[in-house]
1. Considering only the stretch 1-23, state which residues are at pLDDT 95 or above and of a type in the set (Ser, Thr, Tyr).
2. Sort through 166, 170, 204 and tell me the only one that's surrounded by fewer than 20 Cβ atoms within 10 Å (Cβ to Cβ) and under 16 Å from the mean Cα position of the chain (by Cα).
3. Taking the stretch 96-143 on its own, how many of its residues are of a type in the set (S, T, N, Q), away from the ligand (no atom under 16 Å from the Cβ) and in contact (Cβ under 8 Å) with a residue 12 or more places away in the chain?
4. Can you find a residue in the stretch 75-89 that is in a loop (DSSP other than H, G, I, E, B), under 19 Å from residue 211 (Cα atoms), assigned by TED's automatic domain parsing to the domain that holds residue 157 and not acidic (Asp, Glu)?
5. Out of 278, 296, report the one residue that is in contact with a helix residue (DSSP H, G or I) (Cβ under 8 Å, 6 or more places away or on another chain), exposed (fewer than 15 other Cβ atoms within 10 Å of the Cβ), touching a residue at least 12 places away in the same chain (Cβ under 8 Å) and on the phi < 0 side of the Ramachandran plot.
6. For residue 118, state whether it is more than 23 Å from the chain's Cα centre (by Cα), within 30 Å of residue 76 (Cβ to Cβ) and not acidic (Asp, Glu).
7. Regarding the stretch 251-266, can at least one residue be identified that is within 23 Å of residue 169 (Cβ to Cβ) and within 16 Å of the ligand (Cβ to nearest atom)?
8. If you check 261, 276, which single one turns out to be part of a loop (DSSP other than H, G, I, E, B) and among the hydrophobic types (A, V, I, L, M, F, W, C)?
Amino acid sequence: MERIDHPLPWSHLGSERSLSVFRFGQGERKAYIQASLHADELPGMRTAWELKKRLGELEAQGLLNGVIELVPVANPLGLGQLLLHNHQGRFEAGSGKNFNRDFAELSEPVAQQLDGHLGDDPHANVRLIRQAMLDTLAALPPAATQLQGMQRLLLTHACSADVVLDLHCDAEAALHMYALPQHWPQWRSLSAHLGVKVGLLAEDSGGNSFDEACSLPWLRLSRRFPEAQIPLACLATTVELGGQADTTREQACAHAEGILAFLAEQGLIGGQWPAAAHPHCEGMPFEGTQLLFAPHPGVVSYLRRPGEWVEVGDEIFEVIDPLADRVSTVCAGTSGVLFAVERQRYAQPGLWLAKVAGREALRHGRLLND
Ligand SMILES: [Zn+2]
């Protein structure tokens, strides 16, 4: 195992922050796993600790058939953001920017570099494109902020990987994951190893989040150069490992073993691995996800639990105003998987309270809600 510590630019005077990458194994193929880019989403960090121990063992046993890079603390900036004892890990406090948005878009500069150089050998194209991605990132002007510097380091490690797992969680939730529709056949196995309840599939959710910054350039390049053989060579997903409180040892060990079994199927780890413990789940269009809001302020009572299948018209939660004796029941507007609910129990304007993944497209354009 090799530890790589990158100092982050723009640290405050008198302090220094760094980003640590743990690299296991060697070989041509590579997986990249990062945790807690939204710094208050800690199931991923807890799982990464189990992965770190297990990868050390597997490396010592000579069972790693490729490189696996692990970033257990992907966001040292957000980890330090406490406000009145509450952790604010989703947005950078100074700028209000979501830590998982606006990663560098690589397809356009790579296309300009490689126009006329891509042929009918897919392996050669993959090598050329990865090198052009790394060259593009290295040639960018110096990072203007600590956030930008951190995002570039993460993308630099991930963009040359065959498999990228970005470990997040939702508020209170069943496991779910985001990916390109074209990659879903390959992800179904991971869903079965982890017990994921639904895959949310979109080509472009509109925010240049980390997983799409890794996977989407390949799709764009394959369409830009249809005469060249360009595979969708970076299998990248955001995995939501349940809700924010799901950091038990049992959950983390199960998640780590599921991830390792999937990486073994991908050829990155040797040895014998158990079959998936769950059925694989359905992939649904992310455009089919309905966000449910309260019609007025009040205290919230949930009537269903995350992970349940709900039908149109099923009651999901009620909102109670005890001053005006007003009680509103909010129902599902689509049939599908109720995959997440809010942790806060006080309904406020603009605060989503439940998310249902359905099969029919309901929304278009930017799909991310913040
Ligand atoms: Zn997140």
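1. Those that are at pLDDT 95 or above and of a type in the set (Ser, Thr, Tyr): 18, 20.
2. On the way: 166 fails: surrounded by fewer than 20 Cβ atoms within 10 Å (Cβ to Cβ); 170 fails: surrounded by fewer than 20 Cβ atoms within 10 Å (Cβ to Cβ).
Within the list 166, 170, 204, the selection yields 204.
3. Count: 4.
4. Quick first cut of the stretch 75-89, residues in a loop (DSSP other than H, G, I, E, B) only: 75, 80-81, 84-85, 88-89.
Narrowing the set further to residues that are under 19 Å from residue 211 (Cα atoms) leaves 75, 89.
Okay, now just the ones that are also assigned by TED's automatic domain parsing to the domain that holds residue 157, so 75, 89.
Filter again for not acidic (Asp, Glu), leaving 75, 89.
Within the stretch 75-89, one or more residues are in a loop (DSSP other than H, G, I, E, B), under 19 Å from residue 211 (Cα atoms), assigned by TED's automatic domain parsing to the domain that holds residue 157 and not acidic (Asp, Glu).
5. Details: 296 fails: in contact with a helix residue (DSSP H, G or I) (Cβ under 8 Å, 6 or more places away or on another chain).
Unique residue meeting the criteria: 278.
6. Numbers: more than 23 Å from the chain's Cα centre (by Cα): yes; within 30 Å of residue 76 (Cβ to Cβ): no; not acidic (Asp, Glu): yes.
No.
7. Checked against the condition, which is being within 23 Å of residue 169 (Cβ to Cβ) and within 16 Å of the ligand (Cβ to nearest atom), the stretch 251-266 yields at least one hit.
8. Working: 261 fails: part of a loop (DSSP other than H, G, I, E, B).
Testing whether each residue is part of a loop (DSSP other than H, G, I, E, B) and among the hydrophobic types (A, V, I, L, M, F, W, C) leaves just 276.
The values are calculated or read from the model by the stated rules, or taken from the named source; none is laboratory data. Here the structure is a predicted model, which means the values were calculated and not measured. Cβ sites come from the backbone with ideal geometry, for glycine too, and all protein chains shown count toward neighbours.
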